[in-house]
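Here the structure is laid out as structure tokens; the discussion comes afterwards.
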Amino acid sequence: MLAADPGASIASIAAQAGVDRRTVYRRFDSREDLLAAIYEARLTAIERAIEDARLREAPVAVALHRYVENIIGVNRSWPVDLTRMLADDTVRARRDAAVREVDAFLQRATDEGLLRPDQPQRWAATLLPELMHLVSRQLPELSPAQAADVVVDTLLHGLGAS
């Protein structure tokens with residue numbers, strides 16, 4: 001609901017979940033607390049996706065596919081945008097750490113010849129999340145693995161070295 005309507009009320013969220021709004025308020029003191037819990041869960045899932053992809057040690061092509069597949073799963077499980085929570089210093093620091101990890105991986109992919117070095121700086125880092133977001137929303141019939149195939153193929157043929 002919050003992905004479709006970020007302003008959704010606690011009452012409408014509770015109704016959609018099939019519970020009374022008092023049930024939601026027993027767990028969360030406010031709408032902001034509910035949103036914070038959702039953002040925390042999404043960030044934790046992103047961090048686990050990065051860790052599971054083994055961006056520093058797995059072969060680049062394997063790590064790229066695993067990362068993309070994992071993030072597509074996160075996008076589908078937690079389809080909310082973190083930008084609303086970036087005012088929180090802790091959230092921003094965690095998000096920035098994840099971005100640095102992926103940026104370092106993409107540099108590794110370039111250094112190892114998987115991505116072309118002649119593209120504008122940060123182009124792959126800008127394009128990859130957009131591709132993952134698009135496939136997560138626009139191709140829901142694909143499994144995360146199939147969707148990752150589409151993203152990786154699109155990325156590599158657009159930025160690929162050969």
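Show the residue pairs that are 6+ apart or on different chains and have beta-carbon atoms under 8 Å apart, the first residue being within the stretch 12-34 and in contact (Cβ under 8 Å) with a residue 24 or more places away in the chain, the second being surrounded by 12 or more Cβ atoms within 10 Å (Cβ to Cβ) and not aliphatic (A, V, I, L, M).
Correct list of pairs: 34/28.
Report yes if some residue within the stretch 85-96 is buried (at least 17 other Cβ atoms within 10 Å of the Cβ) and either within 16 Å of residue 131 (Cβ to Cβ) or out of contact with any Phe, Trp or Tyr (no Cβ under 7 Å at 6 or more places or on another chain) (or both); otherwise report no.
Taking every residue of the stretch 85-96 in turn, at least one turns out to be buried (at least 17 other Cβ atoms within 10 Å of the Cβ) and either within 16 Å of residue 131 (Cβ to Cβ) or out of contact with any Phe, Trp or Tyr (no Cβ under 7 Å at 6 or more places or on another chain) (or both).
Every residue in the stretch 70-79 that is open to solvent by 20 Å² or more (accessible area, probe 1.4 Å) and touching a Lys or Arg at 6+ places or on another chain (Cβ under 9 Å), please.
Correct list: 70, 76, 77, 78, 79.
Kindly provide the set of residues from the stretch 58-69 that are within 15 Å of residue 128 (Cα to Cα) and open to solvent by less than 40 Å² (accessible area, probe 1.4 Å), ordered by number.
60, 63, 64, 67, 68
Looking at the stretch 10-36, which of its residues are of a type in the set (Gly, Ala, Ser) and either open to solvent by 60 Å² or more (accessible area, probe 1.4 Å) or at pLDDT below 80 (or both)?
Residues satisfying the conditions are 15, 17, 18.
Would you confirm whether or not the stretch 97-119 contains a residue that is of a type in the set (Lys, Arg), touching a strand residue (DSSP E or B) at 6+ places or on another chain (Cβ under 8 Å) and either exposed (fewer than 14 other Cβ atoms within 10 Å of the Cβ) or touching a residue at least 24 places away in the same chain (Cβ under 8 Å) (or both)?
yes
What are the residue pairs meeting all of these: first residue in the stretch 61-74, first residue without any contact (Cβ under 8 Å) to a residue 24 or more places away in the chain and of a type in the set (Gly, Ala, Ser), second residue surrounded by fewer than 22 Cβ atoms within 10 Å (Cβ to Cβ) and assigned to a helix (DSSP H, G or I), Cβ atoms under 7 Å, and 6 or more apart or on different chains?
If the second residue must be surrounded by fewer than 22 Cβ atoms within 10 Å (Cβ to Cβ) and assigned to a helix (DSSP H, G or I), no pairs are left.
Within the stretch 37-55, can one find any residue that is outside any helix (DSSP H, G or I), at pLDDT 85 or above and over 19 Å from residue 92 (Cβ atoms)?
Within the stretch 37-55 (the criterion being outside any helix (DSSP H, G or I), at pLDDT 85 or above and over 19 Å from residue 92 (Cβ atoms)), the answer is yes, since at least one residue qualifies.
The conditions are (1) open to solvent by less than 80 Å² (accessible area, probe 1.4 Å); (2) out of contact with any Asp or Glu (no Cβ under 8 Å at 6 or more places or on another chain); (3) under 30 Å from residue 33 (Cβ atoms), and residue 128 fails exactly one of them. Which is it?
Checking residue 128 against (1) open to solvent by less than 80 Å² (accessible area, probe 1.4 Å); (2) out of contact with any Asp or Glu (no Cβ under 8 Å at 6 or more places or on another chain); (3) under 30 Å from residue 33 (Cβ atoms), the one that fails is (3).
Say whether the condition of being touching a residue at least 24 places away in the same chain (Cβ under 8 Å) and exposed (fewer than 15 other Cβ atoms within 10 Å of the Cβ) is met by at least one residue in the stretch 42-57.
Checking the stretch 42-57: at least one residue is touching a residue at least 24 places away in the same chain (Cβ under 8 Å) and exposed (fewer than 15 other Cβ atoms within 10 Å of the Cβ).
For residue 157, all conditions in the list (1) modelled with pLDDT of 95 or more; (2) assigned to a helix (DSSP H, G or I) hold save one; what is the number of the exception?
(1)
The values are calculated or read from the model by the stated rules, or taken from the named source; none is laboratory data. All of these numbers come straight from a predicted model, not from anything done at the bench. As a convention, Cβ positions derive from the backbone with ideal geometry for all residues, glycine included, and neighbour counts pool all protein chains shown. Only protein heavy atoms, including side chains, enter the accessible area calculation; ligands, DNA and RNA are left aside. Shrake-Rupley method; radii C 1.70, N 1.55, O 1.52, S 1.80 Å.
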